[in-house]
Amino acid sequence: RSCNILGGSTASMVDADVMKECMKFASAAGALAVTKQGAVPSIPSRGEVDALLRKTATSSGDTIPRGGAANDEGGRDPGDDFPYMFGSRLNSMKDRPELWSKRVDNVREWVKRQGRIKGLGCVDFNYPQHFHDWDVADAKAALDEVGLVAGAVCLRYPSKFARGAMNHPEETLRKEAVEMTKRAGEVAKELGCDEVVIWSAYDGYDYSFQVDYTEKWQQLVSAFQDCCDAHPDIKWSLEFKPTDENTRFFTVPSTGAALLLVKEINRPNMGLTLDVGHMLMAGENPGQSIAMVGDKLFGIQLNDGYTRLAAEDGMMFGSVHPTMALEIMYQLQENNFHGHLYFDTFPQRTDPIKEAEYNIQSATRFWRAAKMLNENGVKEIMKNHDAVGALNLVNEILKAEH
């Protein structure tokens, strides 16, 4: 913990050596200190300060800090204007255990392992999955130890909700799922972040006539309204998925359906998280989906896949569809996206640290390339529906970034 406002400023100098950033850090530390009584209880943690800086950056349009990762920028130019922190799938840290010197059977070791990823800034925790053997205070201490911050809390409902979470046929279990979701909002605030991502493996059906579609839809609308109203300072974000082995048809199976749901929920703190693999599974063009969602895009999960029927491959970003990856970054820029970039990839046969670092380098490269599109006439190409011109421009832009 920073000892006081001066201590906060000194810590920032060590990390950034830029006076402007030092002053921002010290101001945030001071602002947090006056919100609590008592000399010791009022001292903010590094994670709390970074979370406040992220929030103020989002509201002011300033660059979003990359977090306090105690590692280098992973191949990024320290002088560039890349505006996002990177997060990566925490559960991936249990893959290839023979490459890690300690056991990888607990969340604390996974966080430590993520602390070795060059350029990583934040950690997304699953709730309640990641909080069975430790509490929020333990998680914050683990983050502070490796210089990372919390990015978001992601719902993972336990198997007791196999017949549905917010869609369960029994009212008592529906209410329990909603209360669990609200508790995730409290955990997010305790961790120093302001976003909860809801993906339910179970809200849907398998057969025709199995459920009342209108009833299931309205249950989701009411449940999300309840969560949004309970924590108006939390950004609630639905992550849709069209299908998987747990639920053949999800209640919200596409970006269009998700947007309709957000409209009916009608709350300013309700939005969407789009997963590239899920969009590909739904037969969507991710760039178009991002453009459709606009300012309701609260989160983005980057990966890639071969788009085989009902398959979620979790491949490294841009490895299969580089042109789509470029357009994803372009649309994020056009939408003025505020959030962090999260890699939802599955490195079972790959070193998870090297895989995450590749994702960071790849996303940064595509981001820089996307910034060159407007100045090279992409708007005019779009206006004229010029397919050949688009392909030639993409080839030139990607070649320039290699």
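The values are calculated or read from the model by the stated rules, or taken from the named source; none is laboratory data. Computed from a prediction, not measured in an experiment: that's the story for all the values here. All Cβ positions, even for glycine, are placed from backbone atoms using ideal geometry, and neighbour counts span all protein chains on display. In case anyone asks, the SASA skips ligands and DNA or RNA and just uses the protein heavy atoms, side chains included. Shrake-Rupley method; radii C 1.70, N 1.55, O 1.52, S 1.80 Å.
Brief remarks follow.
- DSSP-defined antiparallel bridges as percent of all bridges, the range 187-303, nearest 5: 15
- Sequence-distant residues sharing a close amide H with Lys235 (under 5 Å, placed H): Glu195, Val196
- Here the Karplus relation 6.51 cos²θ - 1.76 cosθ + 1.60, evaluated at θ = phi - 60°, turns the backbone of the range 258-274 into coupling constants of 5, 4, 4, 4, 4, 5, 6, 5, 6, 10, x, 9, 10, x, 10, 10, 9 Hz, with x for every Gly and Pro.
- On the range 322-374, 47 percent of the accessible area sits on carbon and sulfur atoms, based on a 1.4 Å probe.
- Over 21 Å apart at the Cα level, from the set Lys241/Lys263; Lys216/Lys241; Lys263/Lys371, are Lys263/Lys371.
- Cβ-placed point charges (K, R +1; D, E -1), dipole of the range 183-291 about Cα centre in debye, nearest 20: 200
- Dividing the mean sequence gap of close Cα pairs (under 8 Å, 6+ apart) by how many residues the range 256-311 holds gives a relative contact order of 40 percent.
- Prolate/oblate/rounded call for the range 302-358, Cα gyration tensor, a/c under 1.5 rounded: oblate
- Measuring nothing but how far apart in sequence close Cα pairs (under 8 Å, 6+ apart) lie, relative to its length, the range 307-402 scores a relative contact order of 31 percent.
- Report note on the peptides 313-324, 371-382, 275-286, 187-198: ranked by the mean count of other C-beta atoms within 10 Å, highest first, their order is 187-198, 275-286, 313-324, 371-382.
- Cross-link reach is defined here as a Cα-Cα straight distance under 15 Å, omitting same-chain residues fewer than 8 places apart; for Lys235 the aspartates and glutamates meeting it are Asp124, Glu186, Glu190, Asp194, Glu195, Asp226, Asp295.
- Sorted largest first, extent of the range 92-135 alpha carbons per principal axis (Å): 27, 23, 14
- The Cα atoms of the range 204-248 give a gyration tensor whose axes a ≥ b ≥ c have a/c of 1.5 or more with a/b no greater than b/c, which makes the shape oblate.
- What the phi angles of the range 332-337 give under the Karplus curve with 6.51, -1.76 and 1.60, with θ = phi - 60°, is a coupling list of 4, 5, 5, 7, 6, 4 Hz, glycine and proline written as x.
- Protection proxy ranking, highest mean first, for peptides 354-362, 22-30: 354-362, 22-30, where packing is the per-residue count of other beta-carbon atoms within 10 Å, averaged.
- Loop-located trypsin sites (Lys or Arg not before Pro) in the range 77-156 whose Cβ has at most 10 other Cβ within 10 Å (DSSP): Arg103
- Residues whose amide H lies under 5 Å from that of Ala150, counting only those 5 or more places away or on a different chain, are Val123; hydrogens are built 1.01 Å from N in the peptide plane.
- Relative contact order (%) - the range 253-377, alpha-carbon pairs under 8 angstrom, separation at least six: 23
- Rounded to the nearest whole Hz, the Karplus-based 3J(HN,Hα) values (6.51 cos²θ - 1.76 cosθ + 1.60, θ = phi - 60°) of the range 372-384 follow the sequence 8, 5, 5, 6, 10, x, 5, 4, 5, 4, 5, 4, 8, with x at glycine and proline.
- Shape class of the range 223-337 from the Cα gyration tensor (axes a ≥ b ≥ c, square roots of the eigenvalues): oblate, since a/c reaches 1.5 or more and a/b does not exceed b/c.
- A straight line joining the Cα centroids of the range 187-252 and the range 300-362 runs 23 Å.
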